[in-house]
Structures are given as C-alpha cells and as structure tokens.
Amino acid sequence: MLLLIKNGTVINPGDKTEKKADILVKDGRIQKIAEKQSIKADRVVDATGCYVMPGFIDMHVHLRDPGLEHKETVETGVKAAIHGGFTTVVAMPNTKPVVDNADVVNYVHNKAYNIGLANVLQAGAVTKGQRGEVLSDIEGMVEAGIPGISEDGKSVMNAQLYREAMTLAVKYDIPIFAHCEDINLVNGGVVNADEITESMHLKGISNAVEDVIIARDILLAKETGAALHLCHCSTKDSVKMVELAKKAGIRVTAEVCPHHFILTSSDLKEDDANYKMNPPLRTKEDVEALKKGLKEGIMDVISTDHAPHTTMEKKMGLRKAPFGIVGLETAAALTMTELVDKGYLTIIQMAEKMSYNPAKILGIDKGVIEEGKIADLVVFNAEKEYIIDPNNFWSRGKNTPFAGRKVKGMVMATIVGGKVVYEK
Ligand code: DOR
Ligand code: ZN
Ligand code: ZN
C-alpha cells in the first residue's frame, strides 16, 4: 500500500525544519521525503496550502471507559482525537472501576486496538481505587504496557506514599503525571479565588492549592530521581518553579492546556459550568506567565485534559456541575489562533509542544517526520477560518467554553500508521 501526501509544507521538529516536500508512505512507514515525487500511489492526499505535521500526541485525556460510557467511550474518544488531528492519546485512569491493575489496562488497550483508529496509551492509577491509601499494582500495569502512572483527578495527599510511587516509577523507568491539588486547601472551592468570583459569591480555589503540591512533588522528584510531569499547570508560580527545578537539574516537565493559556476568570459567564474545570481559569497575570513559559520552552507540552461530561451534568451550574471541558477537537485551532498567529510560538514550536515533546516524555518513537518512522501525520490548514460549533464534535461531550469562538486552523487529514483515518 502506497500513500502519497503531496504539495505540503513539512514541519519536522526533530531537526527544526520547515520545507516543501511530498511524503511517500509505504506499509505504514515514511519511505521518502522529497520534492515532486511522481510515483503512482494507491492513495493521494493533497496537502496544497497545508502544513504536514507529526500527528498530535495528547498526554492527557479522559476517555471515561470503563464505566462512564454515558460521557465518552474509547470509540467516541478516539474519533474525537482523529477529528482533532491527534494520532496518540494518553487516557487517565479515573474511570469506574479505576485503572489500578493490568486487567483494566488490557481492557482499554484491546478495545482501542480493535477500533484501530488511533493509538491509545492507558495510564495506571498510583493508588488502589485512587483512594490514596495503598499503591496499585504498578508492576503488573507496567507489564501490561502503561506509559506512566497518575492519580489524575486528585493528588495523593500522603507524601510518603507518593514518594514510594516515585521510587517505583524510577525502578520501572516510567514517568509520573501529577495532578497538583491540595484537597484540604480546596475547601469546597469551585472557581478561581479572586475579586471577580467573590463578587459572584462563588467559593474560590487559590493558586496555593496547586502551587504547594507542585513544590512538594518537585522536591520528591529531586529526592527520588523520578521523571515528574506536571499536569495542567495554571498558575504563574508553577512556571517559576518549573524553571528553577529545570535549572537545578531535576527531571521535571510541564503541560499547559488551551483553556488556561486563553481564558481568565473574567470570561466566566453567570452560572455556565462550561467554564468550570480543575484547575480553574485564573487571572491575566497567570495567563501571561503561561504563554511566556511556553514561548521560552519552560513549559514543554500543550495537552487538552479532554474531560467530557453530559449536557445534563453541566446544566447544574458552577456550584454543582462536575469539573472539566472537552478539548480534543479544539486544541490545534486554538493553539494556532492564540499562540502561533499572535507570534508567541512558531509552527515548529507548536509541533514540539503537541507532538515531539510528548513523545520524548512518553518514550515513544514518534513526534518527528523522518524516513523510516511510522507514519502518524496530520495535514493542517493554518489559514482556514471557522466558528467552533460543539454540534460538529465527534466526542460525546459538548462541554466547551469555546462554542461560537472564531478560530483559524483546520485539520484536513489524519494519518495513523500510514492509514488515512480521517479526511475532511
Ligand atoms: O477538570 C477536570 N476534569 N480536572 C480534573 O482533574 C479531572 C477531570 C475529569 O476527570 O473530569
Ligand atoms: Zn487533573
Ligand atoms: Zn485530567
């Protein structure tokens, strides 16, 4: 099977190059990258006027399967992924049951394999049932192929237990993905703690809720040597701490989600829970620090924290609705519109943060466009403008604060293992 992707501008974050070329794919792998290839292929994708980028890798999604299939399933989740240009996603373990043993890991991996549209890597929970009491079967899950461990949805508040988990992460050579939130400091908060939310009579979540656990986890990573990846950083001090930790040679990486680098609590609409997520929308100062952190390479990754919930659940308002918004089908366009188009990131940096760096952190041989590599690719039209409409999402979740927003940047085709799994 020969696939030819013609006339695109190939973005390779591997050697930081951008060049006009055709890509010939044979039996799932990139065979040749060169201009004006005239070979007769079985299928041709016309990438005229588009970037051809390494398929996006989302290190942080919630597929809700098993047990919460009314919100999303592996199938609807991977469909949302390829619709958004993602070829690999890491699924978080806060499902029902929690992914805390090899059986549940195998269940998700088998399901994804049978669907076959995108690569799904299931992360394992740090503690059994995410109850924060005893460690899960980390060894068994490593054998089943988890890319890392995470207690996402909460923090392991027992620092001794978390240190033990980090020691095991070192032993098995896997990263630990940290959701940083001191549950005692949250104290029932639902949105950021600031004047705006106070005037709305809503209980606040201060920056310290996140920052104290980031500090703790960095110090534990220093002590254990674990590869710590900080999930959904939202505060200005998170950027400072990551910068300091990196300078000190501690193995730390960090991700930022589009909602945190675009929106602030001043965007909150009276009781619209599509603006409710954890961590919450912060202030302008935080947003500016996150954008600067991304630009300067302190913050490594753009992930979505794709968190589908039903419309009914989100109708319960800011006080009662669950935290979380969907992100797989808006991330690339939002990043293009808000960061690349506005000069914060180059297109190569976008490819680094959405593919190259995630691949490095996960230890997978992806994230570059080079001959011999598996052909996970996205054809992206950076000029195409449209209005975000959740009715067009392939995800079961329609919960987004970006509905009605004008963006630039459309996924035209997604290629996984040399197969065109989506074409506009
Ligand atoms: O907003 C969030 N939603 N943050 C989390 O940490 C969990 C996630 C979810 O599972 O819904
Ligand atoms: Zn989280
Ligand atoms: Zn999450």
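Points worth noting:
- Dipole magnitude for segment 212-305: about 400 debye, using +1 per Lys or Arg Cβ and -1 per Asp or Glu Cβ, origin at the Cα centre.
- Stretched out straight at 0.36 nm per residue, the stretch from GLU195 to ASN392 would grow longer than its current Cα-Cα span by 67.4 nm.
- Residue-averaged [θ]222 nm for the chain, counting only DSSP H segments that reach four residues, each worth -39500 (n - 2.57): -8000 deg cm²/dmol
- Residues in segment 118-127 carry Karplus couplings, in order, of 8, 7, 10, 10, 8, 7, x, 5, 6, 10 Hz; the curve used is 6.51 cos²θ - 1.76 cosθ + 1.60 with θ = phi - 60°, and Gly or Pro positions show x.
- Most positive-pole-ward Cα, PRO308, LEU230, ASN278, against dipole of the chain from beta carbon charges: PRO308
- Positive dipole terminus of the chain, leading residue within GLY317, TRP394, ALA254 (C-beta point charges): TRP394
- Taking a Cβ cut-off of under 12 Å around ASN192, the surrounding Lys, Arg, Asp and Glu residues balance to a net charge of -3, with basic ones at +1 and acidic ones at -1.
- Net charge dipole size for the chain [Lys, Arg +1 and Asp, Glu -1 on Cβ; Debye, nearest 20]: 760
- Simple label model, 7 Å out from Cα along Cβ direction - LYS247 to HIS70, nm: 5.0
- Measuring between their Cα centroids, segment 195-265 and segment 284-310 lie 10 Å from each other.
- Near ALA254, the amide H atoms lying under 5 Å from its own belong to LEU230, ASP300, VAL301; only residues 5 or more places off or on other chains count, and H is placed 1.01 Å from N.
- Normalised by the number of residues in the chain, the mean separation of alpha-carbon contacts (under 8 Å, six or more apart) gives a relative contact order of 20 percent.
- Beta bridges per DSSP, both residues in the chain: antiparallel share near 55 percent.
- With the convex hull drawn over the C-alpha atoms of segment 67-204, the volume per residue is 138 Å³.
- Estimated D of segment 138-270 in µm² per second, where Rh is the Kirkwood radius over Cα pairs and Stokes-Einstein applies at 4 °C, 1.567 mPa s: 82
- Relative to the longest principal axis of the Cα atoms of the chain, helix 159-171 runs at roughly 30 degrees.
- Simple spin-label estimate for PHE323 and GLU223 gives 2.4 nm between the two label positions (7 Å along the Cα-to-Cβ direction from each Cα).
- Gyration tensor (alpha-carbon) shape descriptor, segment 256-326, a/c threshold 1.5: oblate
- Kirkwood-type hydrodynamic radius, segment 5-120: 16.2 Å, calculated from all non-identical alpha-carbon pairs.
- Label-point gap, in nm, between LYS128 and ILE39 - each point 7 angstrom along Cα→Cβ: 5.4
- The share of alpha-carbon pairs in the chain lying farther apart than 39 Å comes to 14%.
The numbers here are math on the coordinates, done by the rules we state, and not lab data. Worth saying up front: this structure is predicted, and the values here are computed from it rather than measured. Cβ coordinates were reconstructed from backbone atoms using ideal geometry, including for glycine residues, and neighbour counts include every protein chain displayed.
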